[in-house]
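I have placed the structure first, in the form of structure tokens, so that the comments after it can refer back to it.
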Amino acid sequence: LQSPGNGLGGNQMRIVITGATGFIGSNLAKLFLKKGAEVFVLVRPESTHLDVLPKDEKLHVVSCGLSNVMDCVSYIKEADAFFHLAWGGVNRQEIDSPEVQAKNVADSLDCIRAAKALNCRMFMDAGSRVEYGLTDGFMQEDIECHPVNQYGKAKWEFYQKAPLCTDLGLHYVHLRFFSVYGTGDHPWSIISTLVRELPAGNKVSLSACRHQWNFMYIDDAVEAVYELYEQLPQSADAGVKKNGLVSTIVNIASKDTRVLKDFVEEIHSIAGGAGELEYGTFVQAKEGALSIKPDISRLTLLTSGWQERFTFRQGIEIMMKKEKENKNL
């Protein structure tokens with residue numbers, strides 16, 4: 001591979017993304033390309049999901065796994081920001097594996113070192129709502145966390161070690177994603193399942209759906225991340241700076257929190273009442289039906305009042321339209 005250069009070139013953005021073949025990562029890459037950035041995506045040499053990446057002359061696919069992430073430096077040379085969204089062992093077999101999750105933490109720390117070697121000014125990583133653990137209360141970024149599974153514990157452990165960023169002179173944001181939905185999400189997610197099965201007239205097995213939940217459309221989620229990237233270094237302190245550098249957690253979630261059954265019934269309505277909802281027949285995960293109530297005041301403050309563009313109904317209507325188009329292909 002020939003290196004595309006080593007200068008930042010004025011205001012040109014050069015962005016590095018791990019996990020770019022994933023749902024959030026691929027859409028974040030697409031947004032940065034739309035904004036005119038040079039985007040470098042680090043993918044495992046054996047990856048079979050390159051087809052989800054956007055087609056663009058400014059997209060550079062770098063064959064580089066997390067275990068040897070420093071190898072990307074000689075190719076990319078220099079970048080402005082590093083978005084670390086990759087994380088192994090999110091399936092049921094490995095989500096509780098201490099060995100797999102410990103490797104994730106170690107590899108993520110190496111990503112910070114790679115960002116420093118690339119002269120990045122900012123490092124962002126994908127945290128998770130599961131870091132909060134067994135709480136039914138309002139999820140504000142600074143509350144004490146008690147994650148249940150090894151995945152959540154590892155995400156929380158990495159955040160506690162991430163002051164390495166400020167030690168190395170990098171702005172740092174731990175992006176705590178809640179339930180992001182849209183076309184391309186896991187086919188087994190509740191939204192994907194309802195959007196696919198209800199219009200086809202099928203039954204969908206559900207929990208009692210009495211707990212609070214929060215859904216954010218994918219385009220809004222990546223826009224929120226972009227706004228943080230654009231605005232944070234110049235923003236007022238807001239209690240997130242240490243020695244002049246940003247170091248904070250930000251919940252990436254919607255302002256729309258309601259009882260899950262309300263969301264489900266809205267999808268059923270959009271589907272014209274087709275299909276059948278079977279409440280109370282789905283077996284919950286071991287942590288049970290916990291309510292999700294994210295506080296998004298920090299996101300709003302740090303993005304100068306940025307607001308979502310898509311209502312839940314609009315997001316679902318877009319998904320249903322695409323589902324119908326795909327079936328007619």
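The values are calculated or read from the model by the stated rules, or taken from the named source; none is laboratory data. Because the structure is a prediction, the values reported are computed rather than measured. Note: ideal-geometry Cβ built from the backbone for every residue, glycine included; neighbour counts use all protein chains shown. Remember, those area values only see protein heavy atoms, side chains included, never the ligands or the DNA or RNA. Shrake-Rupley method; radii C 1.70, N 1.55, O 1.52, S 1.80 Å.
Applying the condition of being more than 14 Å from the chain's Cα centre (by Cα) and touching a residue at least 60 places away in the same chain (Cβ under 8 Å) to the stretch 172-189 and asking which residue is nearest to Gly22 (Cα to Cα) yields Thr183. When the residues of the stretch 186-235 are filtered to those that are at pLDDT 95 or above and acidic (Asp, Glu), which remaining residue is nearest to Lys261 (Cα to Cα)? Per the stated criteria, the residue is Glu197. Contact map, the stretch 145-171: residues that are among the hydrophobic types (A, V, I, L, M, F, W, C) paired with residues that are assigned to a loop (DSSP other than H, G, I, E, B) and open to solvent by less than 50 Å² (accessible area, probe 1.4 Å), Cβ distance under 8 Å, separation 6+ or inter-chain. Pairs shown: Trp156/Cys145; Trp156/Pro147; Leu170/Cys120. Scanning the stretch 72-96 for residues that are modelled with pLDDT of 90 or more and either of a type in the set (Ser, Thr, Tyr) or exposed (fewer than 15 other Cβ atoms within 10 Å of the Cβ) (or both) yields a total of 2. Which of the residues belonging to the stretch 77-130 are under 16 Å from Lys153 (Cβ atoms) and among the basic types (Lys, Arg)? Those that are under 16 Å from Lys153 (Cβ atoms) and among the basic types (Lys, Arg): Lys103, Arg129.
Counting just the residues of the stretch 133-181 that are surrounded by fewer than 23 Cβ atoms within 10 Å (Cβ to Cβ) and of a type in the set (D, E, K, R), which one comes out modelled with the lowest pLDDT? Checking each candidate, the answer is Asp136. Taking Ala114 as the residue in question, decide whether it is more than 18 Å from Ala29 (Cα to Cα), open to solvent by 30 Å² or more (accessible area, probe 1.4 Å) and modelled with pLDDT of 95 or more. It is false that Ala114 is more than 18 Å from Ala29 (Cα to Cα), open to solvent by 30 Å² or more (accessible area, probe 1.4 Å) and modelled with pLDDT of 95 or more.
Residues checked against (1) farther than 22 Å from Ala289 by Cα; (2) part of a strand (DSSP E or B); (3) touching a helix residue (DSSP H, G or I) at 6+ places or on another chain (Cβ under 6 Å):
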{"site": "Ile112", "(1), (2), (3)": "yes, no, yes"}
{"site": "Ala126", "(1), (2), (3)": "yes, yes, no"}
{"site": "Glu131", "(1), (2), (3)": "no, no, yes"}
{"site": "Lys153", "(1), (2), (3)": "no, no, no"}
{"site": "Glu157", "(1), (2), (3)": "yes, no, yes"}
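In this entry, Leu175 passes the filter for residues that are closer than 30 Å to Leu118 by Cβ and touching a helix residue (DSSP H, G or I) at 6+ places or on another chain (Cβ under 9 Å). Evaluating Glu57 against the criteria (1) at pLDDT 95 or above; (2) touching a strand residue (DSSP E or B) at 6+ places or on another chain (Cβ under 9 Å) leaves one unmet condition, (2).
To keep it simple, each residue is scored yes or no on (1) of a type in the set (S, T, N, Q); (2) more than 16 Å from Val264 (Cα to Cα).
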site: Val173; (1), (2): no, yes
site: Ile191; (1), (2): no, no
site: Val222; (1), (2): no, yes
site: Leu232; (1), (2): no, yes
site: Val246; (1), (2): no, yes
site: Asn251; (1), (2): yes, yes
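The set of residues in the stretch 117-132 that are open to solvent by less than 70 Å² (accessible area, probe 1.4 Å), more than 17 Å from Ile95 (Cβ to Cβ) and not small (Gly, Ala, Ser) comprises Leu118, Cys120, Met122, Phe123, Met124, Asp125.
In the stretch 101-111, what residues are among the aliphatic types (A, V, I, L, M) and open to solvent by less than 40 Å² (accessible area, probe 1.4 Å)? So that I can check it myself, show each step before the final result.
Start the filter on the stretch 101-111 by keeping residues that are among the aliphatic types (A, V, I, L, M), which leaves 102, 105-106, 109.
If the condition is that a residue be among the aliphatic types (A, V, I, L, M) and open to solvent by less than 40 Å² (accessible area, probe 1.4 Å), then Val105, Leu109 are the ones that fit.
Residues in the stretch 242-268 that are touching a helix residue (DSSP H, G or I) at 6+ places or on another chain (Cβ under 9 Å) and either of a type in the set (Ser, Thr, Tyr) or at pLDDT below 90 (or both): Lys242, Asn243, Leu245, Val246, Ser247, Thr248, Ser254. Kindly list the number of the only condition in (1) at pLDDT 95 or above; (2) exposed (fewer than 15 other Cβ atoms within 10 Å of the Cβ); (3) within 25 Å of Asp107 (Cα to Cα) that fails for Leu28. Unmet condition: (2). A single member of Lys203, Lys241 is surrounded by fewer than 17 Cβ atoms within 10 Å (Cβ to Cβ) and of a type in the set (D, E, K, R), and it is Lys203.
Listed by position, the strands (runs of 3 or more DSSP E) enclosed by the stretch 196-274 that each have at least 1 residues that are more than 30 Å from His84 (Cα to Cα) and not polar (S, T, N, Q) are 203-205, 257-259.
Scan the stretch 159-195 for residues that are in contact with an Asp or Glu (Cβ under 7 Å, 6 or more places away or on another chain) and over 30 Å from Glu323 (Cα atoms) and the total you get is 1.
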